[in-house]
Every structure is written in C-alpha cells, then in structure tokens.
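Derivation of every value follows stated rules applied to the coordinates shown; laboratory data play no part. Fair warning: this is a prediction, and the values are worked out from it, not measured in the lab. Quick reminder, even Gly has a Cβ in these numbers, built from the backbone with ideal geometry, and neighbours come from all protein chains shown.
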Amino acid sequence: MSDKLKVVLVDDQSLCRRGLSELLSNCYDFTVLGTTGNIEELRTLLQGKPDLLIVDLRMKPLDGISLLQLLRSEGITTPAVMLTMSDSETDLTNAIRAGVRGYLLKDMAPDDVVDAIRRVAGGELVVAPTMTLKLIEMLRGDQPEQEPKNSLKLLTEREREILQLLSRGESNKAIAQTLKISYDTVKQHVRHILNKLNLSSRVKAAVLFTKEQESPNGNDNNSR
C-alpha cells in the first residue's frame, strides 16, 4: 500500500473531480487523498504530502497556472499535471513555463489519462498526443546544440520507426495498432530509445528526430 501514488485533484467542477477520482481510485496503484476546488481546502490536503497534483486550467477565481505560481511562492513544490479542455499553444507554453510535468486534455481516453499520469510520476514530461507537435515546435529552438551528431544511428530500424511515429504525436496505443505489435512492446522500445539517446522524455527524443530530418543530411540516414 505504501508504494501507491498519492494524488490530489483540483478542479472547480465537482462532476469532473468525481469522475477523475473514481477513475484513479479504481486503479491498484493510486490513492486519491482528496478533491477540491478551493485553495484553503487544498492547503489542508497538501498536509497529506501528495506525490502529484492534478489541476484544471480554467478555474475561478484562480486559474490553474496562477494557483501553481502561488503554491511555488509558498515553497510548495509538489509536481503537477494540468488537465484541461484547452488545446491552445499559448496555454501549453504558459503551463510548461510554470513547471507542470504534464499537460493532458479532458477528451483523452480514460486509460490514456491514467497511463500519462503514471509516466509523469516516473519522471517524464508528458503532453496529450494532439499537443505533442505543438510542444516540439516550442522546444526545438531551446534544445542545446550539444547532442552527439548522428546519435540516432544508435537506434535500430524498428526504434527509428517508432520514434518517427512519436514525433507525429502518436500515443503508445496508436503506435501498437499501426505497427501491429503489442502495447508492452512499444513501451519497451520507447524505454530503449530514451536510454540509447540519454534523454529523459519522449518529447525530447521527438525534437531530436525532427531536427535531424530538417538537417541537410537528415534523409541520408533513412536511405541506408
């Protein structure tokens, strides 16, 4: 029981709180410490030392980003995932700059939401599949130029194929269906890709792949 992921849900709509709480409570590896749409109730729930906050973006009177900024100013550093209906690039950018570790959309499949939250808890930066291309565009100019040249040559042909699909914003489930392989096999390939490239998230790997494709010799690697 002690290794369960402890979460607090913050949303000003009680129906959304209840639905997500039931979803996570039915998972063997989650404990929902509580749900709230109130900052004072949240401060009380934080005394339970949650591992993760799941926060709505559009809330009143304090939106999700402002709420996280307030918590950070008070020294509260609990990792956070933004769960929202907004697919705005501006909202995504502001959320990432506010330090969220995940940006998920409320229209995602329930299983995909749960999987994404687990990946955030594992240390990944995770965004909704439909937001991946927007995040890649946002990050590509911020990537340091110190990645080893031709580092993608470390990947097998299958791993490059999976990375290409990742760079298009495909989820693990969609990749498994496209390549007709199991979901667990895709997850294993993604882990190998990140290990080989010495990267902490699939988004960074997708940025690296995209930059390689845009380089003058980018297509040479695929013609071998």
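Listed values, structure above:
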read-out	value
Computed [θ] at 222 nm, helices only, for the chain once each DSSP H run of length n ≥ 4 contributes -39500 (n - 2.57)	-14000 deg cm²/dmol
Phi-based couplings in Hz for the range 201-207 (Karplus 6.51, -1.76, 1.60; Gly and Pro marked x)	8, 5, 5, 5, 5, 5, 4
Amide H contacts under 5 Å for ARG58, placed H, 5+ residues apart	GLY64, MET85
Among 23-33, 75-85, the order from most to least packed when residues are scored by Cβ within 10 Å on average	75-85, 23-33
Prolate/oblate/rounded call for the range 58-147, Cα gyration tensor, a/c under 1.5 rounded	rounded
For MET82, distant residues with modelled amide H under 5 Å away	VAL55, ARG101, GLY102, TYR103, LEU104
Global geometry of the range 75-205, whether rounded, prolate or oblate, following the gyration tensor of its Cα atoms and the 1.5 cut on a/c	oblate
Coordinate range along principal axes, alpha carbons of the chain, Å, largest first	59, 34, 29
Rg over Rh [alpha-carbon atoms, Kirkwood Rh] for the range 5-127	0.91
Furthest towards positive pole of dipole, PRO61, THR44, ALA109, structure part the range 5-127, Cβ charges	THR44
Total charge dipole magnitude, the range 1-75, about the Cα centre, Cβ charges on Lys, Arg, Asp, Glu only, Debye to nearest 20	40
